[in-house]
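The block underneath contains the structure these notes are about, expressed in structure tokens.
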Amino acid sequence: MGFENFGTVSFTAAAKAADFMTHLEAGKVMTTRCRNCGASYFPPKADCPACLSSDVDWFEIKGQGKLNTYTIVNYGPTGFENDAPYILALGEFEGGIQVLARLSRDIKPDDIKVGMSLALSPVKLPDNRVAYEFNKV
């Protein structure tokens, strides 16, 4: 499968890291680590930007992360107009992996605090689409 069913709006149907979708549909948020230099990236990369190697390994982003920062999006870009307002957040997980994702709508804005614990999980969207979001731990 490609990226045609990723997120609310998908702007591409194919990607070298298409296995990301297979893992997401299986209930895992995965990313890549370069076997040559050890660098890890999210979103996953099939080619390492640091050393240009294509020898990458997939691993799951799991456990608790922490909220580094967030913003409330009141006016969504094209394709997301009807979703606003929503909260985009940057979380950090083991090994320094930083993930940009929406915060679950189950988290009340008054409960959001920089440094709070987060978990990352796949989300099923309408029309057989999938994405991922942060949940409060």
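The count of lysine pairs in the chain with alpha-carbon distances below 28 Å, taking only pairs 8 or more places apart or on different chains, stands at 28. With K and R counted +1 and D and E -1, the other residues having a Cβ less than 13 Å from that of Val73 yield a net charge of 0. With the simple model of a label 7 Å out from the Cα in the direction of the Cβ, Asp57 to Cys37 spans 1.8 nm. For the options Leu52, Leu67, Leu120, a Gaussian network treatment of the chain with springs between C-alpha atoms closer than 10 Å singles out Leu52 as fluctuating the most.
Under the √(5λ) rule applied to the eigenvalues of the Cα gyration tensor, what semi-axes describe the equivalent ellipsoid of the chain? Give them in Å, descending.
Calculated on Cα positions only, the semi-axes equal 25, 19, 13 Å.
Net charge around Glu94, counting only other residues with Cβ within less than 13 Å of its Cβ (Lys, Arg = +1; Asp, Glu = -1)? So the environment of Glu94 carries a net charge of +1.
Estimated purely from DSSP H runs of n ≥ 4, each contributing -39500 (n - 2.57), the mean residue ellipticity at 222 nm for the chain is -1500 deg cm²/dmol once divided by its residues.
Read the figures in this text as sums done on the coordinates, not as results from a lab. Source: prediction; values computed, not measured. With ideal geometry, Cβ positions are generated from the backbone for all residues, glycine too; neighbour counts draw on all protein chains shown.
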